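Trainee: This is the structure I have questions about; it appears just below.
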Amino acid sequence: MNSLVLELQSAAWNSEEKVTNLLRKALVVAKKLGVTEFASWIDSEMYGYKETKVIPDYRKVTGVIRAFNPYYGWQNVYFDSQKFENAASTIYVNQSVAELEDLYNSKGGRLSTKLPSSVTEKIYNQYGVGAELSLSKASILHVIEAVKSTILDWALKLEQDGILGEGMTFSLEEKEKAAQQNYTTIIYGMSNSQIQQGANSTQHLNTGINVSEVKELLTVISTLINSVDLDTSGQSEVQNELQTIQNELEEGSPKPGIIKSSLFAIGRIVGGAGESIISDQLAALVTEYAKNIM
């Protein structure tokens, strides 16, 4: 007879499994085992984090603050204080995974969210214009993949603890074992933000290179590339392009053209790897970001 936990592992390992479906399967396991803290985390991921909920650290994302100039369009905003800029450009996203998946799959290369009123006022007083926080889709994909990885880690830990289940049930012994374990996955951090798709997200180009943003994209590529059906030559080519980008980022003034060329190459290699949801999404993400580099 099938094991609920092994089926959950299989689903979490499947690159084509939607995380919203995976959360429902994980909720069945958590409820049947009586693991309330994990079930609570799943509810938050399925329905969004309320103001009273602690938001996990993997939902912290960093973007670029932009202000609208009536003559030049959207422009990146830089502050005298690096500490203030870092704090203002970092938020915790509290939307449900379903909303994040919709945002990630929406048209356009970037997303935008409102800034706290204190930041908006500071920018207005200094520049006389309104501002927003622009986010890359890579940051949203990172959150989605982190949820999937958390479920896989939990399912593997259940197996390690001798909890597998039989059919759709767990034995009393397995439930007792689960009750003795600490499966808390919530880490720390509180915030309240709502991401919205930028109305003109496809019309604004990145001016220069945002090093932290490109590094985040490289992390996403490195995480997902093993799930892409590439031969040895393809894997080697991607790694060479990633190293080229990494070397360029370590320079004092990274050259946008070199980074853009390498990203296009990665998108082309991944896109030609065969049809799968993960390869199509990764190729589209990388190519779209490269197009927006000026």
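Trainee: Restricting to the stretch 142-178, name every residue that is under 30 Å from Val286 (Cα atoms) and either in the same structural domain as Val220 (by TED's automatic domain parsing) or among the acidic types (Asp, Glu) (or both).
Mentor: Result: Glu145, Asp153.
Trainee: Still on this structure: Name every residue in the stretch 107-125 that is surrounded by 13 or more Cβ atoms within 10 Å (Cβ to Cβ) and either of a type outside the set (D, E, K, R) or assigned to a helix (DSSP H, G or I) (or both), in order of residue number.
Mentor: Correct list: Gly108, Gly109, Leu111, Ser112, Thr113, Leu115, Pro116, Val119, Thr120, Lys122, Ile123, Tyr124.
Trainee: Next up: Picking from Ser253, Ser236, Ser222, which residue would you name as being modelled with pLDDT under 85 and on the phi < 0 side of the Ramachandran plot?
Mentor: Ser253
Trainee: Only one residue in Glu121, Glu85, Glu132 is acidic (Asp, Glu) and farther than 23 Å from Ile293 by Cβ. Which one?
Mentor: Glu121
Trainee: Can you go through Ser253, Ser212 and tell me which one is assigned by TED's automatic domain parsing to the domain that holds Gly267 and in contact (Cβ under 8 Å) with a residue 60 or more places away in the chain?
Mentor: So the residue among Ser253, Ser212 that is assigned by TED's automatic domain parsing to the domain that holds Gly267 and in contact (Cβ under 8 Å) with a residue 60 or more places away in the chain is Ser212.
Trainee: So which residues in the stretch 126-141 are without any contact (Cβ under 8 Å) to a residue 12 or more places away in the chain and either part of a helix (DSSP H, G or I) or of a type in the set (A, V, I, L, M, F, W, C) (or both), if there are any at all?
Mentor: Of everything in the stretch 126-141, just one residue is without any contact (Cβ under 8 Å) to a residue 12 or more places away in the chain and either part of a helix (DSSP H, G or I) or of a type in the set (A, V, I, L, M, F, W, C) (or both), namely Gln126.
Trainee: Report yes if Ser44 is farther than 22 Å from Thr223 by Cβ and either charged (D, E, K, R) or over 18 Å from the mean Cα position of the chain (by Cα) (or both), otherwise no.
Mentor: The answer is no for Ser44.
Trainee: Here is a further query. Could you please find all residues in the stretch 8-27 being part of a helix (DSSP H, G or I) and surrounded by fewer than 16 Cβ atoms within 10 Å (Cβ to Cβ)?
Mentor: Within the stretch 8-27, Ser10, Trp13, Asn21, Arg24 qualify.
Trainee: So in the stretch 95-104, with the set limited to residues that are in contact (Cβ under 8 Å) with a residue 40 or more places away in the chain and out of contact with any helix residue (DSSP H, G or I) (no Cβ under 7 Å at 6 or more places or on another chain), which one is surrounded by the most Cβ atoms within 10 Å (Cβ to Cβ)?
Mentor: So the residue we want is Gln95.
Trainee: I'd like to know if the stretch 33-53 contains one or more residues that are surrounded by fewer than 15 Cβ atoms within 10 Å (Cβ to Cβ), in contact with a Lys or Arg (Cβ under 7 Å, 6 or more places away or on another chain) and in a loop (DSSP other than H, G, I, E, B).
Mentor: Yes, there is a match, as at least one residue in the stretch 33-53 is surrounded by fewer than 15 Cβ atoms within 10 Å (Cβ to Cβ), in contact with a Lys or Arg (Cβ under 7 Å, 6 or more places away or on another chain) and in a loop (DSSP other than H, G, I, E, B).
Trainee: Within the stretch 280-294, can you find the residues that are in a helix (DSSP H, G or I) and either modelled with pLDDT under 80 or surrounded by fewer than 16 Cβ atoms within 10 Å (Cβ to Cβ) (or both)?
Mentor: Matches in the stretch 280-294: Asp280, Gln281, Lys291.
Trainee: Test Leu156 against the criterion of being under 23 Å from Gln75 (Cα atoms) and either of a type outside the set (D, E, K, R) or surrounded by 20 or more Cβ atoms within 10 Å (Cβ to Cβ) (or both), and give yes or no.
Mentor: no
Trainee: Could you list, in sequence order, the residues of the stretch 147-165 that are at pLDDT 90 or above and under 13 Å from the mean Cα position of the chain (by Cα)?
Mentor: Scanning the stretch 147-165 gives Val147, Lys148.
Trainee: Might you check whether a residue that is in contact with a Leu (Cβ under 6 Å, 6 or more places away or on another chain) and free of Cβ contacts under 8 Å to residues at least 60 places away in the same chain occurs anywhere in the stretch 273-282?
Mentor: The answer is yes, given that some residue of the stretch 273-282 is in contact with a Leu (Cβ under 6 Å, 6 or more places away or on another chain) and free of Cβ contacts under 8 Å to residues at least 60 places away in the same chain.
The values are calculated or read from the model by the stated rules, or taken from the named source; none is laboratory data. Since this is a predicted model, take the numbers as computed values, not measurements. All Cβ positions, even for glycine, are placed from backbone atoms using ideal geometry, and neighbour counts span all protein chains on display.
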